[in-house]
Amino acid sequence: MSTLVRDTLAELVSRRILILFGVITVVMLIGVWASWEVRESLTLPSGEAPPEPAGGTLVQTRTTAAIAFVMSIYLFFVVIASCGLIPRALEKGRAEFYLSKPFSRHRFLIGKLLSIWVVYGLLAVLCGSLVYVISILIHGGFDIRVLLLFGVSLLEFTVWLSVLGLIGVLTGSGSWAMMLAFCLWVAQNLLSLHEQFGQIVANKAIAYTVDAFYYVLPKTGQMGEIGANLASGRPIESWLPLWSSLLFATVVGYASIRVFERRDY
């Protein structure tokens, strides 16, 4: 496991991903600094402070919402950066090298996915934490519950990694992994409107089919909303997006292992 983590970290450095995340973080920090004027908007024209929202102070609520947005951007880029890692590990020459080691195929695949989760997930959390710390130093409003947001973001990354793992094993192509991941992202966002769709479609069979796809496919966008609500102290209307997405990741991860064990490299 430690060898795979070092290998994944070496890939991260060689592909200059750190430079990309450094640029994104600098842009985020500039935005935080420019938002200093938000303090002036926290008072009414009469000079009185506006009513505090449920779950925390106004500064805490705004900061948490901003960090939730920041983490969604970091998550997007870590998913894109991870698309080619499994196919690259299975390239001719590298696959023979890895599979010649004295451990089983399923241990290799699980170890590789875990190493990606550790390296790239930690990168996203560290960058998000840096932005959050700077925000706190400028605006105040520290809230320990923001750790729940980071935790849910890592769970989102877990779901995406399961998908990328299966696509990588099946196709061996980073381009296919990126394209299909993007299609899944679009599909899950459209399917989040399944209730509204069912109300306007007369054909019940189509409506039920859309509902079925909604319940089967992951819902990482709604997982992000759950994380933001947890961090803000707002109530959770439904835990379905969280547990169903993790169940999907478990099934897809198992399928990836089974396919990988049967493939000839």
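The values are calculated or read from the model by the stated rules, or taken from the named source; none is laboratory data. Bear in mind the structure is a predicted one, so any value in this text is a computation, not a measurement. In this analysis, Cβ positions are derived from the backbone assuming ideal geometry, glycine residues included, and neighbour counts consider all displayed protein chains. Side chains included, ligands, DNA and RNA excluded: accessible areas come from the protein's heavy atoms. Shrake-Rupley method; radii C 1.70, N 1.55, O 1.52, S 1.80 Å.
Couple of notes before you dig in:
- Test: residue in segment 88-95 that is open to solvent by less than 20 Å² (accessible area, probe 1.4 Å) and more than 15 Å from the chain's Cα centre (by Cα): yes
- Only one entry in V201, V259 is modelled with pLDDT of 90 or more, out of contact with any Cys (no Cβ under 8 Å at 6 or more places or on another chain) and not acidic (D, E), namely V259.
- Selection from segment 233-258 of residues that are under 19 Å from the mean Cα position of the chain (by Cα) and either buried (at least 16 other Cβ atoms within 10 Å of the Cβ) or in contact (Cβ under 8 Å) with a residue 60 or more places away in the chain (or both): P241, L242, S244, S245, L246, F248, A249, T250, V252, G253
- Yes/no for V5 being within 30 Å of H106 (Cβ to Cβ), surrounded by 13 or more Cβ atoms within 10 Å (Cβ to Cβ) and at pLDDT 80 or above: yes
Every residue, every condition in (1) surrounded by fewer than 19 Cβ atoms within 10 Å (Cβ to Cβ); (2) touching a Leu at 6+ places or on another chain (Cβ under 7 Å); (3) at negative phi, yes or no:
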| site | (1), (2), (3) |
| --- | --- |
| L164 | no, no, yes |
| V186 | yes, no, yes |
| Y208 | yes, no, yes |
| L217 | yes, yes, yes |
| M223 | no, yes, yes |
| A228 | no, yes, yes |
| R263 | yes, no, yes |
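- L170 meets each of the listed conditions (1) open to solvent by less than 60 Å² (accessible area, probe 1.4 Å); (2) in contact (Cβ under 8 Å) with a residue 24 or more places away in the chain apart from (1).
- Taken together, I144, I116 contain a single residue that is β-branched (V, I, T) and either touching a helix residue (DSSP H, G or I) at 6+ places or on another chain (Cβ under 9 Å) or touching a residue at least 24 places away in the same chain (Cβ under 8 Å) (or both), which is I116.
- Qualifying residue in segment 235-252 (condition: farther than 27 Å from G128 by Cβ, part of a helix (DSSP H, G or I) and small (G, A, S)): no
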